[in-house]
Amino acid sequence: MSCARRSARAALLGLLAVLSRTWALPAATADEPRVVRQVIDGDFPGAYQVEVADVNGDGKPDVVVVGGSTCAWFENPSWKKRIITTGGQSPGVISSATTDLDRDGKAEVAIAYDFEMNQPARGKLRLARQGSGPDDPWTLFPARDVPSIHRLRWGDVDGGGAPDLVVAPIFGLESKPPRFEGAGTIELLRNDGERDLSRWKSVPLLKSPVIHAIEVKPLPGLEGRSTVLAASNDGVSIVDSFLTDGTAITFVPRRLVDGSPGKAPKRGCSEVHLGRLAGDHPFLATLEPWHGGEVAVYPGREAKPGVREFGERTVIDSTLDDGHALWVADVDGDGDDEILAGHRGKDHRVSLYDYDRAAKTWKRSVLDREVAAQDLRGGDLDGDGTPDVVAAGGATHNVVWYRFVQPSAGAAGVK
């Protein structure tokens, strides 16, 4: 392509980004929030995963996106795009996890790359550290090879007071299409204060076939520790306890739900998040089966302090095609978490499911048909106290922010 044609294309993309940057969906009723849709990036080919995290230490959550062999971050509130890694540094990039490891006010980013679906022996982990200024290049440090590496999340899983890194492969080394039945092992890289991530000790958390998603979050009753939820062909499993003799540590996983029945690999669960309804009623939200078409909900209860059990599976939507994105957050301020789900196949869209207490059902509304959603993640980007949600659209090449504006607030301040 000539320089003139490249310049013309760039100008056109810039114009389209400006024209489509912000628009608002009206609320269904006067007491429901409006949704303000803002395009953060309208030209991010292969956008696959998104994070909401403070990268530069200014107290404002930024947006980190991986896809198309690139990892980039967008600074809040200008949404200026800065590159962390390029195709030559992170080919086959598949996941990132952002945290301030050394507490210097600038985040580090763990990056999973060299992923290849049908070559499970491949997979690498690196740690990226910032330069002295926001526009300076990042320095990349090799950490280790992780076969079939697929998901990364930070969390204090061992109770040591510092963020550990949870590393999940999607397949085991012996997995082969079409059934991919060999189990992979989710590992915990324990943070012992060593700056070099390659020296962190690895401890197995659980084994399962086709581990597609993990969630790492602190829960009541765990004294500040984070629990690990895993969605796989075995359904949803949790790691929330461990045994130790003071030196060695052994984690104890347990199965929570089986997920969708069926033959491998189209069984179990593909995505999972733990939500909560008002009155302290937990629930599991899942996409089922692997890359499947169903959004399911499992009501939960706390059987005893720190121990949660989940009941009968209820499918609230069965119309997704290649479902791949899920999030839960209370975006309307009623005390109930809403469920957001997206798919990347035919009739791609992002939908929101709101629990109707009177009817005891989940009601769906479509937020966006212009995103082939690969991922959904949330955080309060504008500081108004209401959670926001960001979508990464792979085939649609876009990164989109959904701001939920409460009835009393209006849409002022959206940039």
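The values are calculated or read from the model by the stated rules, or taken from the named source; none is laboratory data. From a predicted model like this one, the values you see are computed outputs, not experimental measurements. Methodologically, a virtual Cβ is constructed for each residue, glycine included, from the backbone with ideal geometry; neighbour enumeration extends over all protein chains shown. Quick note on the areas: whole protein, heavy atoms, side chains included, nothing else; ligands and nucleic acids left out. Shrake-Rupley method; radii C 1.70, N 1.55, O 1.52, S 1.80 Å.
Out of 247, 227, 314, report the one residue that is under 21 Å from residue 159 (Cα atoms) and open to solvent by 10 Å² or more (accessible area, probe 1.4 Å).
On the way: 227 fails: open to solvent by 10 Å² or more (accessible area, probe 1.4 Å); 314 fails: under 21 Å from residue 159 (Cα atoms).
On inspection, the qualifying residue turns out to be 247.
Need the failing condition index for residue 98 against (1) surrounded by fewer than 19 Cβ atoms within 10 Å (Cβ to Cβ); (2) touching a strand residue (DSSP E or B) at 6+ places or on another chain (Cβ under 6 Å); (3) on the phi < 0 side of the Ramachandran plot, just the number.
Exception for residue 98: condition (1).
Which condition from (1) in contact (Cβ under 8 Å) with a residue 24 or more places away in the chain; (2) touching a Lys or Arg at 6+ places or on another chain (Cβ under 9 Å); (3) of a type outside the set (Ser, Thr, Tyr) is the one that residue 145 breaks?
Looking at each condition in turn, residue 145 falls short on (1).
Return only the number of the condition from (1) surrounded by 17 or more Cβ atoms within 10 Å (Cβ to Cβ); (2) without any contact (Cβ under 8 Å) to a residue 60 or more places away in the chain that residue 361 does not satisfy.
(1)
So residue 232 clears everything in (1) open to solvent by 30 Å² or more (accessible area, probe 1.4 Å); (2) among the hydroxyl-bearing types (Ser, Thr, Tyr); (3) touching a His at 6+ places or on another chain (Cβ under 7 Å) except one condition, right? Which one?
(1)
So residue 137 ticks every box in (1) open to solvent by 20 Å² or more (accessible area, probe 1.4 Å); (2) at pLDDT 95 or above; (3) within 17 Å of residue 172 (Cα to Cα) but one. Which box is left unticked?
Failed condition: (3).
Of all residues in the range 330-343, which are in contact with a Leu (Cβ under 9 Å, 6 or more places away or on another chain) and open to solvent by 10 Å² or more (accessible area, probe 1.4 Å)?
Selection gives 335, 337.
Test each condition in (1) farther than 22 Å from residue 275 by Cβ; (2) free of Cβ contacts under 8 Å to residues at least 60 places away in the same chain; (3) buried (at least 17 other Cβ atoms within 10 Å of the Cβ) for residue 257 and report the one that comes out false.
For residue 257, the failing item is (1).
Among 179, 195, which is outside any strand (DSSP E or B), over 25 Å from residue 234 (Cβ atoms) and of a type in the set (Lys, Arg)?
None of the others qualify; the one that does is 195.
Identify the residue in the range 96-113 that is within 19 Å of the chain's Cα centre (by Cα) and of a type in the set (Asp, Glu) and, among all such residues, is farthest from residue 149 (Cα to Cα).
If we filter the range 96-113 for residues that are within 19 Å of the chain's Cα centre (by Cα), which is where we start, we get 96-100, 107-113.
Okay, now just the ones that are also of a type in the set (Asp, Glu), so 100, 108.
Working: 100: 22, 108: 19 Å.
So, considering only residues that are within 19 Å of the chain's Cα centre (by Cα) and of a type in the set (Asp, Glu), the one farthest from residue 149 (Cα to Cα) is 100.
Can you name every residue in the range 368-403 that is buried (at least 19 other Cβ atoms within 10 Å of the Cβ) and aliphatic (A, V, I, L, M)?
371, 372, 373, 376, 381, 389, 390, 391, 392, 399, 400
Is it the case that some residue within the range 346-353 is open to solvent by 50 Å² or more (accessible area, probe 1.4 Å) and in a strand (DSSP E or B)?
no
Can you pull out every residue in the range 183-196 that is open to solvent by less than 60 Å² (accessible area, probe 1.4 Å) and under 24 Å from the mean Cα position of the chain (by Cα)?
183, 184, 185, 186, 188, 189, 191
Checking residue 300 against (1) in a strand (DSSP E or B); (2) within 30 Å of residue 202 (Cβ to Cβ); (3) more than 18 Å from the chain's Cα centre (by Cα); (4) of a type in the set (Gly, Ala, Ser), which test does it fail?
Exception for residue 300: condition (2).
Say whether the condition of being in a strand (DSSP E or B) and farther than 21 Å from residue 276 by Cβ is met by at least one residue in the range 325-334.
Scanning the range 325-334, I find no residue that is in a strand (DSSP E or B) and farther than 21 Å from residue 276 by Cβ, so the answer is no.
Does residue 371 meet the test of being modelled with pLDDT of 95 or more and not in a loop (DSSP other than H, G, I, E, B)?
Here the answer is no, as residue 371 does not meet what is asked.
Under 7 Å between Cβ atoms, which residue pairs at least 6 apart in sequence (or on different chains) link something in the range 198-216 that is open to solvent by 30 Å² or more (accessible area, probe 1.4 Å) with a partner that is among the polar types (S, T, N, Q) and at pLDDT 95 or above?
The qualifying pairs are 204/185; 207/185.
Mind counting the residues in the range 246-283 that are more than 22 Å from residue 185 (Cβ to Cβ) and of a type in the set (Asp, Glu)?
Here the count works out to 1.
Conditions first: (1) buried (at least 17 other Cβ atoms within 10 Å of the Cβ); (2) more than 19 Å from the chain's Cα centre (by Cα). Residue 93 passes all but one, so which condition is the exception?
Result: residue 93 fails condition (2) only.
Can you tell me which residue among 148, 132 is at pLDDT below 95 and either among the hydroxyl-bearing types (Ser, Thr, Tyr) or closer than 20 Å to residue 208 by Cβ (or both)?
None of the others qualify; the one that does is 132.
Kindly evaluate residue 320 against the criterion of being within 15 Å of residue 35 (Cα to Cα), of a type outside the set (Asp, Glu), in a loop (DSSP other than H, G, I, E, B) and open to solvent by less than 50 Å² (accessible area, probe 1.4 Å).
Details: within 15 Å of residue 35 (Cα to Cα): no; of a type outside the set (Asp, Glu): yes; in a loop (DSSP other than H, G, I, E, B): yes; open to solvent by less than 50 Å² (accessible area, probe 1.4 Å): yes.
It is false that residue 320 is within 15 Å of residue 35 (Cα to Cα), of a type outside the set (Asp, Glu), in a loop (DSSP other than H, G, I, E, B) and open to solvent by less than 50 Å² (accessible area, probe 1.4 Å).
Would you point out which residue out of 395, 391 is under 19 Å from the mean Cα position of the chain (by Cα), outside any strand (DSSP E or B) and touching a residue at least 24 places away in the same chain (Cβ under 8 Å)?
395
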